[in-house]
1. Tell me which trypsin sites (Lys or Arg not before Pro) from region 74-158 have a DSSP coil assignment and no more than 10 other beta carbons within 10 Å of their own.
2. Using only the alpha-carbon atoms of region 70-113, report the extent along each of the three principal axes, biggest first, to the nearest angstrom.
3. In the neighborhood of GLU200, defined by Cβ-to-Cβ distances under 13 Å, what is the net charge if each Lys or Arg adds +1 and each Asp or Glu adds -1?
4. Quick check: pseudo-label points 7 Å beyond the Cα along Cα→Cβ at LYS246 and ALA99, how many nm apart are they?
5. List SER161, SER79, SER203 from most exposed to least, where exposure is judged by having the fewest other Cβ atoms within 10 Å.
6. GNM, the chain, Cα, under 10 Å: largest mean-square fluctuation among ALA206, ALA273, ALA259?
7. What does the charge count around VAL44 come to, taking other residues whose C-beta lies under 12 Å from its C-beta (Lys +1, Arg +1, Asp -1, Glu -1)?
8. Between LYS239, LYS225, LYS63, where does the largest GNM mean-square fluctuation fall for the chain, given springs only between Cα atoms within less than 10 Å?
Amino acid sequence: MAGLKIRKAVIPAAGMGTRFLPATKVMPKEMLPLVDKPLLQYGVEEAVAAGCDEVIIITGRGKVTMEDHFDRAPELEASLERRGKLELLEKVREVTKLARIVATRQSEPLGLGHAVLQAKEIVGDEPFCVILPDDVVHGDEACMKQMVQAFEKVQASILGSEEVEGDAIQNYGCLDCLVDPNDPQLLHVRDMVEKPKPHEAPSQNAIIGRYILTPRIFELIEGLKPGAGGELQLTDAIKALIQFEKVYGFRYKGVRHDAGDKFGFLKATVDFALEREDLGPAFREWLKAKKF
Ligand code: UTP
């Protein structure tokens, strides 16, 4: 594997979003906005910032609004043009030009591994990245861009990783790994443990929703025995991948929020709003004036 490039991103978005019910009864969780942009659009923009030109969205029943979001909206555009709302018109059009969007369906939400497997034919025989849109990372440089730069050096699968504090590791997949002596961001993965008891965790390096994977992952997902509820877990396939190929962890720079969880979503909203030139100053003042 020399000189391979990451051109395709898979964004699994076929889950049920039960933690956000009733909001997600008919509206996809991935369309919830942080300020005024849906989570899914942040994911697509991150893929584009990382150099991908094709984004494969895994959708499911009742989630067609996700595809529509990236499509032209002729009536809306004509109306904005007539009313001279040119800045908004530009925003609406920009979304349609981001990347080639391909949507494919997961007939039932049978786990993250099963969702990624739906992209097998479209990805083909090349390494690709996976971005979970409800894990939002913000910082100076897009998380996946940093990971792609690392991939260009190591030419192997890479798992986005965050060093978490104390007992929090029990909520994540945890890496059994060694830090690269020359690059403290790079971890040599020996194994993975799913949601370990804190005293049994081999490290504090948690896996987050960013992956670069080699195409071998597809056959390994196909070879998995379905777990509880018929689900196929991506982490089980990655554990198998470690037996065949070198797999790295990568400690990205940036702040991550789990926007699939209500508390994380609120924190992400505050961070993103404070950063906005148009809203940030007034929002900061309002927050300061609140009597907590
Ligand atoms: P989550 O587990 O966070 O999403 O999956 P969920 O299952 O929709 O949420 P809850 O737990 O019920 O609230 C992470 C990402 O993987 C996708 C989800 O859409 C989300 O973007 N996913 C998950 C699939 O595409 N298919 C699945 O079978 C499971």
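1. ARG83
2. Computed over the Cα atoms, the extents are 46, 18, 13 Å.
3. -2
4. Going from the LYS246 label point to the ALA99 one covers 2.6 nm.
5. Sorted ascending by nearby Cβ count, the order is SER79, SER203, SER161.
6. ALA273
7. -4
8. Maximum fluctuation in the GNM of the chain, among the listed residues, is at LYS225.
Each value in this text was obtained by applying a stated rule to the coordinates, not by laboratory testing. Since the structure is predicted, the reported quantities are computational estimates derived from the model, not experimental observations. FYI the Cβ positions are ideal-geometry reconstructions off the backbone, even for glycines, and counts take in every protein chain you see.
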